[in-house]
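Before any comments, here is the structure.
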Amino acid sequence: MKTQQDVVTEPAAFGQDLQSRTLAVHSPALRAYLRVRQALWIYDFDTQRVVWANPPGLMVWRASSVDELAARPLGSDMSPGVDKRLRQYQRDLEAEPSRQFSELWTIYPQGAPVTLQIEFGGIVLDDGRMACLCQAEPAPMLDLDTLRSAEALLHTSVQITLYDDGGRPLYRNPAARTNAASRDQSIDQHLVLPEDQATLHEAMQTRGEHQMVALVQTARGRRWHDLTARRCLDAATGGQAWLVSETDVSAVKAAQRQAQRLAEHDPLTNLPNRNHVNTHFPAMLEEIRSIGRQAAMLFLDLDRFKHVNDSLGHEVGDRLLVEVARRLRHTLRAGDQVVRLSGDEFLILVSDDDVINHVRRLGLRLREAVSQVIRLGSTTVRVTPSLGVSLFPADGDDVATLMRNADMAMYRAKRLGGDQMAFYSADLAVEAGRRLTLESELLQAFEHGEFVVHYQPRLDASTRRVVGAEALVRWRHPTRGLVLPGEFIPICEDTGLILPLGRWVLEQAARQAARWHQRGHALTVSVNFSARQIQSQALVETMDEVLIDSGCPPQALEMEITESLLLGEDSATLGQLDALNRRGLRIAIDDFGTGYSNLAYLERFPLDCLKIDRSFVSQLETRPAIAELIISMCKVLELEIVAEGVETIGQLDWLRAQGCHHYQGFLSSPAVPAEHFETLLAPA
């Protein structure tokens, strides 16, 4: 196999052995070139070496011979811009061998800069590869700035193209040549979007210059370029031309899109967030209006989600939200919008020709989808949604109004018991104002001592004698009279007033239990504890203080907690309940059966009593099976059984026959003030 030196070599004495040691196919031409005074050399693209030169060419390169020149590895210190330009020549000459290029170049033989006007053409080596025949002449006298600008044009990564007035390319620097989709790509073929083409043409005609970020077609596909164009004259012909410089800003665009996505999306569920609503929903509503359609905004809140978060922890709560988000996306149509606002609140925007009937059908599907049991590892959870609906444009002409009205409708669904959908109506605004007033009045009520505690008796199911009492708070409103806790306790939970109010109720109940014990009535007084109280790190300390201050024996108090507080592996809650149980306090589960009934937690926690929810007691005549199952379970676990909401003798007889220990309800007495309670202590 021939080496490069075998293929193209210059003998020690020019003209003697050229016929035998150069390219056979081009030998006559090379012999002629030996007599030319113009500097000539052949550059091998693949080896990045000069493999032949005539005497003037050797002088330009400051080489003593072709062998010495061919030994120089020009690629070792070649700049990326020069290499890129030469590779472009190689591709062009391989495609069209007759092409020629003329450019002002500065080369650096032995490190000294030499500026030349070089004409590049193709020449085929013996092995069939394309090389470059370079013909150089001294460059015209140029000032240093001109020389440096020519070098900068060659080496810069900025893509510079000169177009004629019709948008056809006249010249591209190496960076532009590398990125052009094709050699003859026009400016209109370069710009992808017709509106960008029109904008550029108009600006160049009217102002003669323009700057834009545009989507362009390149050799790498579609990219985003920051493009600056200005009118000029072609130095070669004097004709009108456009000089266009471009830089690739695709990475910046991608980063901006990612930043925008992060700013407008919830990182947990990957749903759009409130920023997305503020940014995009107004335009969506305008588009819906323009096509004459109707829209509806649905505010969705998960019932009892706080109990899941409080009892199972935020990690399980987060996994629940991710699953709910997945179900919402699956239930909605492709064009519908679903957003996570915060916590367990979601916002949905839908449009339809008959939006009311569409929303009614959608509401049923959403309730069914969300309410399905969710398995999170070893834990099974079920939540239900409350939905509030406002209509566009009937209930609001802007996003903020529609959201506010949908939110009010959602709270109406909550007050209806949850797992409901309610539409906005004008009276809700009045109701919302009333709630704000109520919040303000509650703060004053606590300061003015307007709360009182009433006691509902607990009776022995066999003897019907009073054995205990449940402490229930009431609000003695200055104008409305006695307000029941169902109206104000949820607001206390939302405002944080539940902690001071809960402690006050505990103190009142403990003092009253102590007084009854001093009078010879060994009654157990039950006190309801909120989730915030149970999860307070000061719970045990607070209970110790209350017992000491009141003189109440620990066994005279019973803590009523909801079963949802016992879910999961909350070691802190278990530790506090164990500590209180060791002090002698009783612990009961209130409203059993309405939450997440599970034998595992009943065995794990130190429980003394279980209270059957009134909803099961009211169904004893038609559906007694659930109450019967609860009683049987309590017997196995050796828990005391209390039935709530007993109103008829028939219910009491059934409970007594099943072995229920205690009961309370209107059959015996509603909750009454402490001063009236002692009249109920006599045997029935």
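The values are calculated or read from the model by the stated rules, or taken from the named source; none is laboratory data. What you are looking at is a predicted structure, and each value in this text was computed from that prediction instead of being measured. Glycine also receives a Cβ, built like all others from the backbone with ideal geometry; neighbour counts cover every protein chain displayed. We work out accessible area using only protein heavy atoms, side chains counted, and drop any ligands, DNA or RNA first. Shrake-Rupley method; radii C 1.70, N 1.55, O 1.52, S 1.80 Å.
Local charge for LEU637 was computed over the other residues whose Cβ lies under 12 Å away, with Lys and Arg +1 and Asp and Glu -1, and equals -2. From the alpha carbon centroid of the range 273-302 to that of the range 201-225 is 34 Å. In this Cβ point-charge picture (+1 for Lys and Arg, -1 for Asp and Glu), the chain has a dipole of about 820 debye about its Cα centre.
Scalar couplings 3J(HN,Hα) for the range 306-312, obtained by applying the Karplus form with A = 6.51, B = -1.76, C = 1.60 to θ = phi - 60°, are 4, 5, 5, 4, 5, 8, 9 Hz; x denotes Gly and Pro.
Which of the trypsin sites (Lys or Arg not before Pro) across the range 261-365 are loop residues per DSSP, with 14 or fewer other Cβ within 10 Å? Sparse-neighbourhood loop trypsin sites (Lys or Arg not before Pro): ARG293, ARG333. The label-point distance for GLN110 and GLN372, in a model that sets each label 7 Å from Cα toward Cβ, rounds to 8.4 nm. Which cross-chain or sequence-distant (5 or more) residues have an amide H under 5 Å from the amide H of ARG49, H modelled 1.01 Å from N in plane? Excluding prolines and chain starts, which carry no amide H, the hits are ASP44. Over the residues of the chain, the helix contribution to mean residue ellipticity at 222 nm works out to -13000 deg cm²/dmol, using -39500 (n - 2.57) for each DSSP H run of at least 4.
What is the antiparallel percent of DSSP beta bridges lying wholly in the chain, to the nearest 5? Taking every DSSP beta bridge with both residues in the chain, the antiparallel ones total about 80 percent.
Note on the range 287-376: the C-alpha convex hull projects to 6.0 nm² when averaged across all orientations. Think of each Lys and Arg Cβ as +1 and each Asp and Glu Cβ as -1; about the Cα centre, that makes the dipole of the range 466-546 roughly 400 debye. Net length available on complete extension from ARG435 to LEU215 is 73.8 nm, with 0.36 nm assigned per residue and the Cα-Cα distance removed. Note on the range 638-684: the alpha carbon radius of gyration divided by the globular reference 2.2 N^0.38 Å gives 1.26. A Förster distance of 35 Å, applied to the separation of the beta-carbon atoms of GLN100 and SER64, puts the FRET efficiency at 0.75. Given their separation in residues at 0.36 nm each and the Cα-Cα distance between them, HIS676 and ARG222 gain 155.0 nm when the chain is fully extended. Think of each Lys and Arg Cβ as +1 and each Asp and Glu Cβ as -1; about the Cα centre, that makes the dipole of the range 396-520 roughly 920 debye. With θ taken as phi - 60° and the Karplus curve 6.51 cos²θ - 1.76 cosθ + 1.60 applied, the whole-hertz 3J(HN,Hα) list for the range 89-96 is 4, 4, 5, 5, 6, 5, 7, 9 Hz, x standing for glycine and proline.
Of the trypsin sites (Lys or Arg not before Pro) found in the range 154-211, those that fall in a DSSP loop while having at most 16 other beta-carbon atoms within 10 Å are ARG183, ARG207. Positive contributions from Lys and Arg (+1) and negative ones from Asp and Glu (-1), summed over other residues with Cβ under 13 Å from the Cβ of THR380, come out at +2.
Calculated on the alpha-carbon coordinates, the convex hull of the chain measures out at 279 cubic angstrom per residue.
Taking Cα atoms, how many degrees apart are the long axis of helix 314-331 and the longest axis of the chain, rounded to 10 and kept between 0 and 90? Tilt relative to the chain: about 70 degrees.
In this calculation the C-beta distance from GLN117 to GLN258 is compared with R0 = 51 Å, giving a FRET efficiency of 0.60. Sorting the segments 520-531, 114-125 by their mean number of nearby beta carbons within 10 angstrom, highest to lowest, gives 520-531, 114-125. Across the range 412-429, coupling constants 3J(HN,Hα) worked out from phi with the 6.51/-1.76/1.60 Karplus curve, θ = phi - 60°, read 5, 4, 4, 5, 7, x, x, 6, 9, 10, 10, 8, 5, 9, 4, 5, 5, 4 Hz, and Gly and Pro carry x.
Working from label points 7 Å from Cα in the Cα-to-Cβ sense, the ILE356 to ASP494 distance is 2.8 nm. A simple spin-label model places pseudo-atoms 7 Å from Cα toward Cβ; at LEU364 and SER186 they are separated by 6.0 nm. Taking the charge dipole of the range 199-287 about its Cα centre, with +1 at Lys and Arg Cβ atoms and -1 at Asp and Glu Cβ atoms, the residue from ASN275, ALA241, GLN217 reaching farthest to the positive side is GLN217.
Taken per residue, the accessible surface of the range 603-684 reaches 50 Å², heavy atoms only and a 1.4 Å probe.
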